[in-house]
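K.L.:
Before we start, here is the structure in question, set down as structure tokens.
Bear in mind these aren't lab numbers, they're just calculated from the coordinates by the rules spelled out. Keep in mind it's a predicted model, so treat the numbers as computed, not measured. Ideal geometry is used to build each Cβ from the backbone, glycine not excepted, and the neighbour counts take in all protein chains shown.
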Ligand SMILES: C[S@@+](CC[C@H](N)C(=O)[O-])C[C@H]1O[C@@H](n2cnc3c(N)ncnc32)[C@H](O)[C@@H]1O
């Protein structure tokens, strides 16, 4: 997977590619991240990438020329490349979108700054706008890193254990069950005995029930779309009854 990140703050992106799973994937060449400094494509004595908004108002707007020339400078994988603008006005980025993006060969991420990018960039160069949540960041760099991290985890070979992402929250529409490690007793709290039983079927059932319980308590909205087995439905019916009697 190739990511091209267009930004006026390249170090903000590169600094976050040194560590962790994404950093390892980059080092191993499974993920290739190229950072394009939009300022390198700015013209004029000041090489400015922004200007005042037409019509007046506060703040600055990113000029279309440097962004469009930055985009033209990129080697595009024909038919397998997707151009995305990070924007609080975009469609909400979630696990389903991460899976969808993981199937592209190249993802180009444009990071806005100031009041955002000139509307003509959105109208002519962008295939999709993604938001990482209903809040406003100062720039798209953190959002681009969020997208790259979530997508990279889904690429074969990036995670050590090939199966581990399949049990993560959201993968089957539910939140993940609680996790425990050593010590067995921490501040008087014991690890649930079933996890020490060695009985894989019992552990699987306990985890599934905890996953359903957690989702019902914290994100009942997810249950509408979750893939539920008849066993899940009967666990949920029991949990709902328990909650009603509380
Ligand atoms: C200060 S914001 C601009 C907000 C814009 N004036 C508006 O009200 O929609 C600057 C840049 O940060 C990025 N950004 C801010 N919030 C974001 C979010 N929730 N998701 C993705 N990108 C975001 C975008 O690239 C945006 O162009």
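K.L.:
For the stretch 73-147, give me the percentage of DSSP beta bridges that are antiparallel, rounded to the nearest 5 percent. Write down the numbers at each step before the final one.
P.N.:
Numbers: 1 of 11 bridges.
So the antiparallel bridges in the stretch 73-147 amount to around 10 percent.
K.L.:
Sticking with this structure for a sec: Report the calculated FRET efficiency for residue 200 and residue 18 (r = Cβ-Cβ distance, R0 = 45 Å), to the nearest 0.05. Before the final figure, lay out the partial values.
P.N.:
Details: r = 38 Å, r/R0 = 0.85.
That gives a FRET efficiency of 0.75.
K.L.:
Can you tell me what percent of all Cα-Cα pairs in the stretch 185-245 are more than 19 Å apart? Mind dumping the intermediate values first?
P.N.:
Numbers: 747 of 1830 pairs.
Considering the stretch 185-245, 41 percent of its Cα-Cα pairs are separated by more than 19 Å.
K.L.:
Continuing with the same structure: Return the equivalent ellipsoid semi-axes of the chain as a descending list in whole Å, where each equals the square root of 5 times an eigenvalue of the C-alpha gyration tensor.
P.N.:
Values: eigenvalues 370, 86, 54 Å².
Three semi-axes, in Å: 43, 21, 16.
K.L.:
So how tilted is helix 230-245 from the main axis of the chain? Cα-based, degrees 0 to 90, rounded to 10.
P.N.:
80
K.L.:
Still on this structure, please answer the following. For residue 128 and residue 94, calculate 0.36 nm times their separation in residues minus their Cα-Cα distance, and state this gained length in nm to one decimal.
P.N.:
On the way: separation 34, 0.36 × 34 = 12.24 nm, distance 1.40 nm.
Between residue 128 and residue 94, full extension yields 10.8 nm more.
K.L.:
May I ask you to derive the relative contact order of the stretch 48-146, considering only C-alpha pairs under 8 Å and at least 6 residues apart, and to give it as an integer percent?
P.N.:
Details: 148 pairs, mean separation 35.1, N = 99.
35 percent.
K.L.:
Helix 200-218 sits at what angle to the longest principal axis of the chain, using alpha carbons and giving 0 to 90 degrees rounded to 10?
P.N.:
60
K.L.:
Pop a pseudo-label 7 angstrom from the Cα along the beta-carbon direction at both residue 218 and residue 239 and give the gap in nm to one decimal.
P.N.:
Here the modelled spin labels are 1.2 nm apart.
K.L.:
When only C-alpha pairs under 8 Å and at least 6 residues apart count, what is the relative contact order of the stretch 105-246, in percent?
P.N.:
Details: 79 pairs, mean separation 25.1, N = 142.
This gives 18 percent for the stretch 105-246.
K.L.:
In percent, how large is the relative contact order of the chain, given Cα pairs closer than 8 Å and 6 or more residues apart?
P.N.:
Working: 347 pairs, mean separation 45.0, N = 246.
RCO, the chain: 18 percent.
K.L.:
While we're here: For the stretch 89-128 and the stretch 1-67, what is the centre-to-centre distance using only Cα atoms, to the nearest Å?
P.N.:
13
K.L.:
Another question, if that's okay. Looking at the stretch 2-152 only, what percent of DSSP beta bridges run antiparallel? Nearest 5 please.
P.N.:
Once the DSSP bridges in the stretch 2-152 are tallied, antiparallel ones form about 10 percent.
K.L.:
222 nm [θ] for the chain, helices only, -39500 (n - 2.57) per DSSP H run of 4+, per residue, to 500?
P.N.:
Numbers: 8 runs with 83 residues, N = 246.
Dividing the helical sum by the residues of the chain leaves -10000 deg cm²/dmol.
K.L.:
On C-alpha positions alone, give me the angle between the axis of helix 141-152 and the longest principal axis of the chain, in degrees, nearest 10.
P.N.:
50
K.L.:
Going by average Cβ neighbours within 10 Å, how do the peptides 141-149, 62-70, 194-202 rank, with the highest at the top?
P.N.:
The peptides rank, most packed first, as 141-149, 62-70, 194-202.
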